[in-house]
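Visitor: Have a look at this one.
The values are calculated or read from the model by the stated rules, or taken from the named source; none is laboratory data. Predicted model, so just to flag it, every value in this text is computed and none were measured. A quick note on method: Cβ atoms are made from the backbone with ideal geometry, for glycine too, and the neighbour counts reach across all protein chains shown. Side chains included, ligands, DNA and RNA excluded: accessible areas come from the protein's heavy atoms. Shrake-Rupley method; radii C 1.70, N 1.55, O 1.52, S 1.80 Å.
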Amino acid sequence: MTSSNHQIPIAYLTRFSTPLRNSIQILIFPSDILYEGDMAISYKQLSLIVNGSTEYRKAAKPRYKERKGDLKDNERPKRQAYLDQNYPATIWKNGVPFMFHESLNPIAKAAILKAIHFWYRETCIEFRPRTFQKEYLLFIGNDDGCWSTVGRDASQGKQVVSIGDGCEHFGVTSHELAHALGVFHEQSRFDRDESVTFNPRVVEKDLLFNFAKVLVVNWHAENNVFQISPRQMSTYGLPYDIGSVMHYTPTEFSNFPSIPTLTAIDTNLQQTMGQLEGPSFVDVHIMNQHYQCQDKCETQAPCQNGGFTNSRNCKVCKCPTGFGGAYCQLIAPSFSPFCGGILNAEETARRFDITIRQSTTTRSKSCVYHIKAPEGKKIIVNIVKIDSRCIEGCYQDGLEMKMKKDFRPVGYRFCCPESSRRKIVSESNLVPFIVYSRENDFSVSFEYSFVSPNAGFDDEKASNSVIIDNSDGVLASDTPILLQKLGFQRHL
């Protein structure tokens, strides 16, 4: 993958820079309205959504509002899978016919095909070039921005997905195709306020509705009230994922680049928000649930650590990031034999240092480790230093640590120097972590040890040293702190 593939599309990031980018935009296809910047929906759908959001605002007068802007083109709020009274007719159960408009450039076509291949490989959804089908996806490149219809709509026949200038990035094409397959934005979930807070004071008033939780409701005449229907929006029991590719960035729609519209309640997740690398494990899981892929397998695989059965090979599992093996019982492989593996935490602190370097030809590099402590203990990590480029979502180069018991969502991501001198504690005795470099050199140093569940932080714990320096561009060391202070290191 070339470095240009990893750059945030400028046009996508600046999609609100012109007067044309209103919160609701009438499309060149008059039957639809562009909602939240990248979802083309019918007037009927919009009325349900807006009514639901209005009821919410009247009731809540939100101190927090949903976060703002997304990337270029229009805005995207995030909800989960769309379920109306016609489900499952709103999913592409017989496969997705698609075709390319002549306005698409070769780079856009390649990015779309990559997204199609991804969703094919990771789900049970079938795709095929359109021949004579009346219902199909038409990818175009001659409209302004990146947007899509939501789910299958037999009344439309041809459903348009726009991949305009600046949208030719896998993170964008996989996002828009997810909309076309029936998934909304993550931050539109009804339980959003348990994970993020919204600052309405930094958003233009006419854009505030883009942060309303999308409460698609049913009217109950007998009670004279609107009522949220679980049949309209389903999270399928999956956790809120701040690292979803369907999530807004922290500063989406903000009038001030340095002031976020969305803030993670768990502040260690702030740098996880807004990644554009591609769909997360939870994104993939919810798509599999929405398309009932689990029904393809007569028996389910005995998946561990939050994995689920792979519908294209029912004997193995799809695994959360950091896990591998047929049943997600192992550590995921690293890009090089010179990094990755198990780090055993001790009561005395150890120091871990790693640097991943890029050469003249950049490529994706990741090293996967598991820190383990005895049963009943927790792991404390003290991040000493991070040397990296700081971007929202930390999806190019960074450190991801899974400190929660639930390994399915994207973990704590760090790529900004200000994350140095930060202490975090795990919920269990296992912490998977991934060090990755896709664009630039990345280095991190941290100390780790285990403590009893009720123990507090301890600044002075002691730590054995292994250093690896090789042609893969990896320099890693794991050193007891006391030995390190005396200048000792062990070499491999």
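Visitor: Out of Val196, Val203, Val183, Val214, report the one residue that is of a type in the set (A, V, I, L, M) and at pLDDT 95 or above.
Guide: Answer to the check: Val196.
Visitor: Here is a follow-up. Residues to consider are Gly166, Gly157; find the one that is farther than 29 Å from Cys314 by Cβ and within 23 Å of the chain's Cα centre (by Cα).
Guide: Every option except Gly166 fails the conditions.
Visitor: Please give the number of the condition Asp295 fails out of (1) more than 22 Å from Glu194 (Cβ to Cβ); (2) open to solvent by 30 Å² or more (accessible area, probe 1.4 Å); (3) part of a loop (DSSP other than H, G, I, E, B).
Guide: (3)
Visitor: Scan Ile371, Ile354, Ile380 and give me the residue that is among the β-branched types (Val, Ile, Thr), closer than 29 Å to Gly237 by Cα and not in a loop (DSSP other than H, G, I, E, B).
Guide: Criteria check complete, one pass: Ile371.
Visitor: Gln304 is checked against (1) touching a Lys or Arg at 6+ places or on another chain (Cβ under 8 Å); (2) farther than 30 Å from Ser258 by Cα and fails just one. What number does that condition carry?
Guide: Only one criterion in (1) touching a Lys or Arg at 6+ places or on another chain (Cβ under 8 Å); (2) farther than 30 Å from Ser258 by Cα is unmet by Gln304, namely (1).
Visitor: Among all residue pairs at least 6 apart or on different chains, which show Cβ distances below 8 Å where the first residue, located in the range 413-427, is on the phi > 0 side of the Ramachandran plot and the second is assigned to a strand (DSSP E or B) and surrounded by fewer than 16 Cβ atoms within 10 Å (Cβ to Cβ)?
Guide: Arg421/Val384
Visitor: Next up: Right, Phe338: aromatic (Phe, Trp, Tyr) and modelled with pLDDT under 95 or not?
Guide: So Phe338 passes the test.
Visitor: Any idea which residue in the range 342-351 is most open to solvent (accessible area, probe 1.4 Å), counting only those that are over 10 Å from Ala373 (Cα atoms) and in a strand (DSSP E or B)?
Guide: Ile342
Visitor: Quick test for you: out of Gly325, Gly307, Gly274, pick the one residue that is within 30 Å of Thr479 (Cα to Cα) and not charged (D, E, K, R).
Guide: Among Gly325, Gly307, Gly274, only Gly325 is within 30 Å of Thr479 (Cα to Cα) and not charged (D, E, K, R).
Visitor: With respect to Asp353, determine if the residue is among the acidic types (Asp, Glu), under 23 Å from the mean Cα position of the chain (by Cα) and either under 22 Å from Arg438 (Cβ atoms) or not assigned by the TED database to the domain that holds Pro432 (or both).
Guide: So Asp353 does not fit the description; no.
Visitor: Criterion first (modelled with pLDDT of 95 or more, more than 19 Å from Asp266 (Cα to Cα) and open to solvent by less than 30 Å² (accessible area, probe 1.4 Å)) does Tyr412 satisfy it?
Guide: Spelling it out, it is not the case that Tyr412 is modelled with pLDDT of 95 or more, more than 19 Å from Asp266 (Cα to Cα) and open to solvent by less than 30 Å² (accessible area, probe 1.4 Å).
Visitor: Restricting to the range 139-158, name every residue that is open to solvent by 20 Å² or more (accessible area, probe 1.4 Å) and either under 24 Å from Asn288 (Cα atoms) or modelled with pLDDT of 90 or more (or both).
Guide: Asn142, Arg152, Asp153, Ala154, Lys158
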